[in-house]
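For reference, the structure is listed below as structure tokens.
We did not get these values from a lab; they are worked out from the coordinates using the rules stated. It should be emphasised that the depicted structure is a prediction, and the values quoted were computed from it without experimental measurement. Cβ sites come from the backbone with ideal geometry, for glycine too, and all protein chains shown count toward neighbours.
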Amino acid sequence: MRRAVVLAALAACSQKAGEPNGIGKYRFSKLTLGALKDGRCQPEKLSDGRQATWCFALTPFKIANRNTEVAAYFLGVDDNAPLIEVQLTVRGCVENDLDQWLRTNYGIPFETKSTKSFWKNSFMFIAATMPSEPGRCFVQMLPVAETSEIARLRGDGSASGSGSGSGSAAQ
């Protein structure tokens with residue numbers, strides 16, 4: 001009996017450890033501003049007053065067989081500033097393809113309303129707007145600690161507006 005409890009606990013830990021915590025090199029609690037070697041970055045003030053850095057024109061990659069523009073927010077302006085948001089703009093987006101890609105890589109969304117779907121695990125939250133405008137989809141990934149921004153993205157908060165980067169974290 002005791003062995004079964006230990007095995008169950010180990011299985012639960014390994015499942016949590018295996019959950020995604022970002023995409024590509026953009027991993028929450030791992031990537032810092034100083035480790036970023038591409039794109040352009042500029043200081044921003046977040047809607048809650050915190051200082052951040054918005055990086056854009058980052059090396060694009062493909063998701064759902066489409067080119068994706070990448071932008072990211074880091075909390076702070078020094079090299080140790082941690083990643084707090086990844087923004088993916090999918091050009092020529094085919095909504096069904098992106099939805100299937102997200103489901104394959106991040107599981108079933110916990111909520112879908114209108115053109116938005118939401119995923120969450122113990123590390124991160126994802127909001128996908130499919131489409132955000134004709135021919136484009138917008139995916140935002142944040143660590144779960146960014147509760148006020150997550151509430152705003154879900155429509156649970158009163159914040160509105162956007163930062164320089166399509167965005168999100170800054171206003």
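Among Tyr26, Tyr73, the order by Cβ neighbours within 10 angstrom, fewest to most, reads Tyr26, Tyr73. With neighbour counts taken as other beta-carbon atoms within 10 Å, the residues Arg152, Arg91 rank, fewest first, as Arg91, Arg152.
Take each peptide in 55-61, 139-145, count the other Cβ atoms within 10 Å of every residue, and average; sorted highest first, the result is 139-145, 55-61.
Converting the Cα gyration tensor eigenvalues of region 20-154 into ellipsoid dimensions via √(5λ) gives semi-axes, longest first, of 23, 17, 14 Å.
Ordering Arg66, Arg154 from the fewest to the most neighbouring beta carbons within 10 Å gives Arg154, Arg66. Shown here for region 92-154: chymotrypsin sites (Phe, Trp or Tyr not before Pro) in loop regions (DSSP other than H, G, I, E, B) with at most 12 other Cβ atoms within 10 Å, namely Phe110.
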